[in-house]
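Derivation of every value follows stated rules applied to the coordinates shown; laboratory data play no part. These numbers come from a predicted model, not from an experiment. Note that we place each Cβ from the backbone using ideal geometry, even for glycine, and neighbour counts take in every protein chain shown.
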Amino acid sequence: MLKHRIITAAILLPIALIGFFLLEGLAFALFIGVVVVLGGWEWARLAGFEAQSVRVLYAIAVGLLLVGLYLAPALASWLLTLSVIWWLAATALVVSYPRSQRHWGGSVGSLVIGLLILLPAWQGLVLLKQWPQGNWLIVAVMVLVWGADIGAYAAGKTFGRRKLAPQVSPGKSWEGMIGGLVTSLLITLFVGLYQSWSARELALALLGAALVVVISVIGDLTESMFKRSSGIKDSSQLLPGHGGVLDRIDSLTAAVPVFTVLLWLAGWGAW
């Protein structure tokens, strides 16, 4: 398993670096779109559809919707606003699971939820890429999420006692979440001091980082909730040793739209 993880990471890392930092415009949108379409193929299974025909059709539908969003950029603000509302609702669904299952709308409703998860993540990355210092913005949101993951793992292993969401993901603890949050806030603090941000800028950055990290945890738990409901361990086996695409990007699907909206509210970029 470890060997497979290392080989897969060694192959994917240069592809990811090239895609994120060297591609621009349509090429970048297509690169991210491929990842999201694969995520759509996986999500159909989490929604309860095992038949490959249905999963492929759903993936195609996701791809066509991405094309529509690319051709109609004015929809970005509506989509990202809807995404923020969705993640607030997802928080309630995670907290109240398994009772919340009756609010999902069955398999069809779960497919709609998949769109609310996948499409805004693509839209957020496409917007970030277009804004000033776009590459660094993408790095920033990824570092926040990955820093939180590393901090949560270390703190959870060392201090984890109280379960965060035992019905959804028994391995996660409050101590782990706090450790991840502290890690990301320390990273933000270091960057702010290095960049000589004002006290106001630093305070807003720390608040924004905290919101992004908390919502990234909800993104992770949301996928776990659907996997638990479907009796599935991994979203797929597309990435040997790592599970599926959704298993790698679940936190980012929530973090990216919220990060983008917060930057827009701060006046960083336009949509």
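Values for this structure:
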item: Gain in span if fully extended, L22 to L82, counting 0.36 nm per residue against the direct Cα distance; result: 18.6 nm
item: Sorted by Cβ neighbour density within 10 Å, fewest at the top, the residues W174, W136; result: W136, W174
item: Ordering of 108-115, 201-208, 177-184, 122-129 by burial proxy (mean other Cβ atoms within 10 Å per residue, highest first); result: 122-129, 177-184, 108-115, 201-208
item: Added length on full extension, which subtracts the Cα-Cα distance from 0.36 nm per residue, I150 to Q195; result: 13.8 nm
item: Contour excess over end-to-end distance, with Cα ends at Q133 and I232 and 0.36 nm allotted per residue; result: 31.7 nm
item: Sites V34 and L75, calculated FRET efficiency, Cβ-Cβ separation with R0 30 Å, nearest 0.05; result: 0.90
item: Lys, Arg +1 and Asp, Glu -1 on Cβ, resulting dipole of the chain about Cα centre, debye, nearest 20; result: 660
item: Gyration tensor verdict on segment 48-89 (Cα atoms; rounded if a/c is under 1.5, prolate if a/b is larger than b/c, oblate otherwise); result: oblate
item: Gyration tensor verdict on segment 81-188 (Cα atoms; rounded if a/c is under 1.5, prolate if a/b is larger than b/c, oblate otherwise); result: oblate
item: Sequence ranges 14-20, 216-222, 90-96, ranked by mean other-Cβ count within 10 angstrom, highest first; result: 216-222, 90-96, 14-20
item: Distance from segment 64-86 to segment 139-178 (C-alpha centre basis), Å; result: 30
item: Nearest-0.05 FRET efficiency for V108 and T158, computed from C-beta distance (R0 41 Å); result: 0.40
item: Lysine pair count for the chain [Cα-Cα under 22 Å; pairs on different chains or 8 or more apart]; result: 8
item: Gyration tensor verdict on the chain (Cα atoms; rounded if a/c is under 1.5, prolate if a/b is larger than b/c, oblate otherwise); result: rounded
